Amino acid sequence: MSATLRTSADEQRTESRPPLLTIGLLSATALAYEILLMRLFSIVQWHHFAYMIISLALLGYGASGTFLAFAQSRLLRNYPLALFVNLTLFALAAMPGFLLAQQLPFNPEQLLWDLRQPLTLMLVYMLLMLPFFFAANAIALTLARYRHAIPHVYGFDLVGAGLGALAIVALLFVLFPLAALTAISVLGLVCIAVAAWELQTPKRRKIAFACALMTVPIIWQGTTSQLEVSAYKDLSQTLRVAGTRIIAERSSPLGLLQVVESPQVPLRHAPGMSVTAKREPPAQLGIFSDAGGMSTIVQDTGEPQALSYLDQLTSALPYHLAEPRRVLILGAGGGMDVLQAHRAGAQLIDAVELNPQLVALVRNDYAEFAGGIYNHPGIRAHVAEARGYVLDRDDRYDLIQLALLDSFSASATGLYALSESYLYTTEALQAFTDRLSDNGYLAITRWIKLPPRDTLKILATAIAALEAAGVEAPEKRLALIRGWQTSTLLIKNGDIAASEVKALQVFCKTRAFDVAWYPGIKSGELNRYNILKAPWYHEAAKALLGPEHEAFVERYKFDIAPASDDRPYFFNFFKWSTLPEIWRLRGQGGIPLIEAGYLVLIATLAQALLASALLIVLPLFAIKRAAQPGEAYISRVRVLAYFAAIGLGFLFLEIAFIQKFMLFLHHPLYAAAVVLAGFLVFAGLGSQRAQRYTQHERYQRGVRFAVAGIVAIGGVYLLLLDPLFALFMSWPTAAKVALSVLLIAPLAFCMGMPFPLALSSLGEHAASLIPWAWGVNGCASVLSAVLATLLAVHFGFTVVVLLALLLYLFVVMVFPAPIGSVART
Amino acid sequence: MKPCCHSRLCLLGISFVLCVVSSAAGAIGEQEFDRQRAALVKVIEQDVRDTSLYLDKEALDPRVMQAMGKVRRHVFVPEYERRLAYRNHPLPIGHGQTISQPYIVAIMTDMLKPRPDHKVLEVGTGSGYQAAVLAELVKRVYTIEIIEPLGERARTTLLQTGHNNVEVRIGDGYYGWKEHAPFDAIVVTAAAGHIPPPLIQQLKPGGRMVIPVGSRFMTQQLVLVEKSYEGEVTTRQMLPVRFVPLTGGH
């Protein structure tokens, strides 16, 4: 890769043919890398910090714009060399970036008082920003170099990214995350070879050979490295105990599963077990998901007494009020709740679990240990998403158990605050209660937290669901009990009878659980065994079931308003009005009261805004110098507004529709992959199509056409998607995926046009602005993802879509057209 | 510390200072730590006053505060964290474990109502700091640590600090310490999924058990388990902070 790479003959050839395959492949690799990083950091760190780290790292795109604003003209003098250097640096930085970053001792819990932590975090950002920076340089330089073919180049960029999203999901089914990282690094090297071939570089054979050689150290590094999981994650903690070891590992895009045995010191996982229990739980195998959130496979030797602990949990309540014969377990995991139902005499149990590898572990690998729980004649294990499963079938159940899936530590610190959950929404509870037989129960067990949060929110959600179903007296259908660690809420399809109340009282008394609500509850029974300063759970239940319902929710210091499908944030309890009070208490052990998940999002936004402002303002000093004689004047404000609005609008729509389609496809992973890939690929095709508008400089016309399409289709979807989904809900998955792609195609096609059209216009009139526009768009995209979640938390996804459509309308008004044709020197 | 040592070197001449410096440097360090510790006790006292509503008391047992003022926390902290030893924060001590926030240690100790004739069991020795604080207040402390290197280190540290009434055992704390049962008080600092039945059995009637619930760095709530003289077990859940839940205005 020397200056001799470039010859005049090369230049002529390359002038007419941009290295489209290279760009497509590079873009695919970079997007796959981004998704993989999210996977990797979710394992070694925690999900929401993974999100923050990767958002900030993606500012590498913005940084590239800033850098090129200064260096573009110099680099374009030898485009092939600049391209090769950036491609090589991308390939070489991808793996060490992660491997070094995971070694840094970053611990989010020390952020507030240990000054070393923010510095470590900065270093993590820097390391991970580099690969994106180099990839973005390569793409932006190509856009600037082939100004006449911007829509073509950008089209390949988008299509490549879309295919990359699909490819990484497929790859993660066959490779463990670190092996996938190796594959991506090797793919980075392939980009170099493809570029050499596309640019017809005379030394292309040598370059290809050098790339082949470079794969050796990369593969060596990949195979000798290990994931360095934070010492404070559940798995690391468990592995400290003598004798524990990982006995099996499974990996898929849904997560890394690690099975742990602990022969010397049993795991004894029995959340919420009564203090009156005499026996400890039997032997268990732990299944850790992404090094956290343990589920267990309980050993069943056939001795009934060994499993007596299952009757000492709050979740055992429904089995004491009736004898449910048909039971549905949603979120079956390792099978503990299934075993509980089986032990209690249920005759038919449907166990639904999302992760097929988890089901396979229990059904096949550890079937003997588990006493064949998933192979028992009366037990059927289904691999499905809970909502989807319930909607797809007409079966009715005497009991539906919504298992306690999240771990206490994650739940208690608000780690899931920003994860959408369609299990705990008003619509979900309505769908579940619809499947109850007459007098059947829906039982929901949650962690007890102080001050009360999720138990009250699920109660409020249950009340909303019952009211929505037209139930006149919800208070007659609800019962709530609590231990010191868990609470169980029962929603009955019918009024709770006096005999059931009696059974409930006995159940609680013998296990030292407290009653918080049932019809006819008396104040003398409250706060008896697990004593709180006041019987808060009962007081809240009374308020929520009374006329003051709304005022109570309004006044409560945490957000306990029911979650809905449009605002599916059950786990977000944050209220701004409470923050100052908690903040004052941070020295006195008040930090855990801060709902971290939400604040991490705000912190991400603040950091991204700050960095973006810097990255966007800096180049303004360079642009003047870089301007070539003959360039037209284009309003900087318009360029900024246009490209920022597109960046925001595009991702708003993409993210909102991922959520909308998730409810249709009922699978978080497939929905995200299909929608993301669909959006990118069809936007790429739209971009290709936009090329025709560049021929007679009909840029603005193209943008108007595209925006009209976006607003029309987006608007129609807002109104019609829900009924349409309802109509096709029972179709087979493949057909639903095909329909989804069909629905996404026209919208995405239009969305792919405004960016390349305006960039082409810049290329024609003021090429020096291209990197800046690229950078603005890069920064806006990062901000957009964070903002979309924030808006959805407060206003719902419908508002996100509406805002996106407004942004696109705004785009038409601020198209950065040249002002007059004043030549500048 | 260093500039100070250097100035002494200049003032006093090499041969004389060489023998003084080693002790002086130590003494200065200790003095500084003493000062920081005294300040920390003041901070905790203030925090307790602020939290009085929740703790149902204006101040903790003066004996507990005395013990907090006496036990040298920096000795229980790894060398590289020592400068932070008297901040009111939890600190990492290696092996994925932490030394709790002093404020939380004080409250937990107070909740146990320790008396000089008491026998206390601790499950999860960690750094040994909590055991040392308890050792100042009770007759004997039995502490069990599951992570071997941690237990060994704590044992050495406790010998160093002269807490001879603490016995450290390495192993599984789930079954308590039968030979020395029953106990007047039990602290379970190692996160427990549930309260181990053997520990409830080994608690004396009228005894108290405290369990902090939360992550390694952050205590979400404290659970106090009380066994009545009739043998009935109740739990009491409390926040370590003065935060009025529900709708305020209480």
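Where a number appears in this text, it was derived from the coordinates with a stated rule and is not lab data. Given the structure is predicted, the values throughout are model-derived calculations rather than measurements. Don't worry about glycine lacking a Cβ; one is built from the backbone with ideal geometry, like all the others, and counts go over all protein chains shown.
Taking the mean number of other Cβ atoms within 10 Å as a proxy for protection, how do you rank A:789-800, A:674-685 from highest to lowest?
Working: A:789-800: 18.9, A:674-685: 25.1.
Answer by packing, highest mean first, reads A:674-685, A:789-800.
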Legend entry - Order of B:32, A:500 - criterion: other Cβ atoms within 10 Å of each residue's Cβ, fewest first: B:32, A:500
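Averaged over A:552-560, how many beta carbons belonging to a partner chain fall within 10 Å of each residue's beta carbon? Could the numbers behind the result be given before it?
Values: counts 2, 1, 1, 4, 4, 6, 2, 0, 0.
So the per-residue partner count for this stretch is 2.
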Legend entry - Peptide B:223-235 - average C-beta neighbours from other chains (10 Å radius): 3
Legend entry - Cross-link reach list, lysines versus residue B:70, counting only Cα pairs under 30 Å and skipping chain neighbours closer than eight places: B:2, B:42, B:57, B:113, B:119, B:139, B:204
Inset, instruction - Can you spot the aspartates and glutamates whose alpha carbon is less than 13 Å from residue A:449's alpha carbon? Ignore those fewer than 8 places along the same chain. - result: A:595
Legend entry - Spacing of the two label points (7 Å from each Cα toward its C-beta) at residue A:614 and residue A:305, in nm: 6.7
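Please report the equivalent ellipsoid semi-axes of region A:1-228, computed as sqrt(5 x eigenvalue) of the Cα gyration tensor, largest first, in whole Å. Present the calculation step by step, with values, prior to reporting the outcome.
Values: eigenvalues 200, 73, 49 Å².
Result for region A:1-228: semi-axes of 32, 19, 16 Å.
Pulled fully out, how much extra length does the chain show between residue A:148 and residue A:276, if you take 0.36 nm times their separation in residues and subtract their Cα-Cα distance?
Values: separation 128, 0.36 × 128 = 46.08 nm, distance 7.77 nm.
That works out to 38.3 nm of additional length.
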Inset, instruction - Enumerate the calculated ³J(HN,Hα) couplings along region A:230-235 in order (Karplus 6.51 cos²θ - 1.76 cosθ + 1.60, θ = phi - 60°), each rounded to whole Hz, writing x wherever the residue is Gly or Pro. - result: 3, 5, 9, 7, 3, 5
Inset, instruction - List the lysines whose Cα lies under 17 Å from the Cα of residue A:522, skipping any in the same chain that are fewer than 8 positions away. - result: A:476, A:502, A:509, A:542
Legend entry - Cβ-derived FRET efficiency at R0 22 Å, residue A:71 paired with residue A:123, nearest 0.05: 0.35
Legend entry - Order by protection proxy (mean Cβ within 10 Å, highest first), peptides A:241-247, A:283-289: A:283-289, A:241-247
Inset, instruction - Work out, step by step, the length gained on full extension between residue A:794 and residue A:395: first 0.36 nm times the residue separation, then minus their alpha carbon distance; give nm to one decimal. - result: 140.1 nm
Inset, instruction - Calculate the length of the line joining the C-alpha centroid of region B:99-169 to that of region A:762-817, in whole Å. - result: 58
Legend entry - Inter-label distance for residue A:735 and residue B:45, nm, one decimal - labels placed 7 Å from Cα along Cα-to-Cβ: 7.7
Legend entry - residue A:116 versus residue A:602: modelled label distance in nm, points set 7 Å from Cα along the beta carbon direction: 2.9
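So if we plug the beta-carbon distance of residue A:704 and residue A:206 into 1/(1 + (r/R0)^6) with R0 = 51 Å, what FRET efficiency do we get, rounded to 0.05? If you can, show how the numbers build up before the last one.
Details: r = 49 Å, r/R0 = 0.96.
It comes to 0.55.
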Legend entry - Karplus (6.51, -1.76, 1.60) ³J(HN,Hα), θ = phi - 60°, over region A:554-565, in Hz, Gly and Pro reported as x: 4, 7, 4, 7, 10, 7, 10, 5, x, 7, 10, 4
Inset, instruction - Could you list which residues have their amide H under 5 Å from that of residue A:283, counting only those 5 or more apart in sequence or on another chain, with H placed in the peptide plane? - result: A:299
Inset, instruction - Once you have all Cα-Cα distances for region B:39-238, histogram them in 5 Å bins from zero and send the whole-percent values. - result: 1, 8, 17, 22, 23, 17, 9, 3, 0, 0
Legend entry - Residues with amide H under 5 Å from that of residue A:531, placed H, sequence gap 5 or more: B:235, B:236, B:237
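Residue by residue through A:528-534, how many Cβ atoms from other chains fall within 10 Å of the Cβ on average? Working shown, then result.
Working: counts 1, 5, 5, 7, 6, 10, 3.
Across the residues of A:528-534, the mean count of other-chain Cβ atoms within 10 Å is 5.
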Legend entry - the protein assembly as shown - Rg (one decimal) and Dmax (whole number), Cα, Å: 31.6, 98
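Mind checking the full-extension length gain between residue A:264 and residue A:216? Use 0.36 nm per residue of separation minus the Cα-Cα distance, one decimal, nm. Don't jump to the answer; show the numbers that get you there.
On the way: separation 48, 0.36 × 48 = 17.28 nm, distance 4.18 nm.
Using 0.36 nm per residue and subtracting the Cα-Cα distance, I get 13.1 nm.
So for A:211, A:508, A:779, fewest C-beta neighbours within 10 Å to most, what's the order?
Numbers: A:211 21, A:508 24, A:779 28.
Sorted ascending by nearby Cβ count, the order is A:211, A:508, A:779.
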Inset, instruction - Hey, can you grab everything whose amide H is under 5 Å from the amide H of residue A:382? Only 5+ residues off in sequence or another chain; H modelled, so Pro and N-termini drop out. - result: A:351, A:352, A:353
